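All remarks here apply to the structure that follows.
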Amino acid sequence: METGSPADAGTTGTEPIWTGLPPGLLRMRRLLLVVWLGLTALAVALLLGLLAGPLWAAFALLPLAALAWGWVLLGRNWRSWRYAERADDLLISRGVLWHEETVVPYGRMQLVEVTSGPVERHFGLASVQLHTAAAATDATIPGLDPAEAERLRDRLTELGEARSAGL
């Protein structure tokens, strides 16, 4: 995955410079996966072991198998997220099986928000959400460092105001 400094973004001609998400988002999502599916496996093992017998407690292996599968899928999903700042628009790319690339022209941005829920704040993460005139093109970049999220919000707001003033 190519990364570059945001100041250099969009200056290399036709090929955008992509920036991936920080690893904190992957750590947070994997921890939540382990907590929820680990607790589910424990609850299934205890309930079935006490109520139906120890043989039935083996069904607790199903949430553990889902945990292993989810661990791999979360990694693939995290690696698929990236964004690039170009001269006239912001590109957001995501998806493993269904690849989706969103192009948000700076002049169409109406609102740029930085949000951070309690779990995200605990892990030092924030999300940038872009609102445009068309509701279907709203885009989000999750799991950014708060300083990067604020820098991106300020830059996108500045570019949006400059582009919309020229319309």
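The values are calculated or read from the model by the stated rules, or taken from the named source; none is laboratory data. Just so it is clear, the structure is predicted and the values come from calculations on it, not from any experiment. For neighbour counting, all protein chains shown are included, and Cβ atoms are generated from backbone atoms with ideal geometry for every residue, glycine included. Note: areas computed on protein heavy atoms with side chains; ligands, DNA, RNA excluded. Shrake-Rupley method; radii C 1.70, N 1.55, O 1.52, S 1.80 Å.
Values as computed for the structure displayed
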{"item": "Near pairs, Cβ below 9 angstrom, 6+ apart or cross-chain, from segment 69-94 (farther than 21 Å from Val34 by Cα) to any residue that is among the basic types (Lys, Arg) and not in a strand (DSSP E or B)", "result": "Glu85/Arg155; Asp88/Arg163; Asp89/Arg108"}
{"item": "Count of residues meeting criterion [in contact with a strand residue (DSSP E or B) (Cβ under 6 Å, 6 or more places away or on another chain) and exposed (fewer than 15 other Cβ atoms within 10 Å of the Cβ)] in segment 21-42", "result": "0"}
{"item": "Total residues in segment 106-131, condition open to solvent by less than 60 Å² (accessible area, probe 1.4 Å) and in contact with a helix residue (DSSP H, G or I) (Cβ under 8 Å, 6 or more places away or on another chain)", "result": "13"}
{"item": "Breaking point among (1) on the phi < 0 side of the Ramachandran plot; (2) in contact with a Leu (Cβ under 8 Å, 6 or more places away or on another chain); (3) in a strand (DSSP E or B), for Gly75", "result": "(3)"}
{"item": "Given (1) closer than 27 Å to Gly38 by Cβ; (2) at pLDDT 90 or above, index of the condition Val114 fails", "result": "(1)"}
{"item": "Residues of segment 43-63 satisfying the condition of being part of a helix (DSSP H, G or I) and surrounded by fewer than 16 Cβ atoms within 10 Å (Cβ to Cβ)", "result": "Ala43, Leu46, Leu47, Leu50, Leu51, Trp56, Ala58, Phe59, Leu61, Leu62"}
{"item": "Identity of the residue in segment 133-167, surrounded by 18 or more Cβ atoms within 10 Å (Cβ to Cβ) and modelled with pLDDT under 90, that ends up nearest to Glu85 (Cα to Cα)", "result": "Leu159"}
{"item": "Matching residues, segment 86-104, being crowded, with 19+ Cβ neighbours inside 10 Å and over 14 Å from Thr140 (Cα atoms)", "result": "Asp89"}
{"item": "Residue within segment 122-129 that is touching a residue at least 40 places away in the same chain (Cβ under 8 Å) and under 19 Å from Ser80 (Cα atoms) present", "result": "yes"}
{"item": "Qualifying residue in segment 112-129 (condition: over 13 Å from Pro146 (Cα atoms) and among the aromatic types (Phe, Trp, Tyr))", "result": "no"}
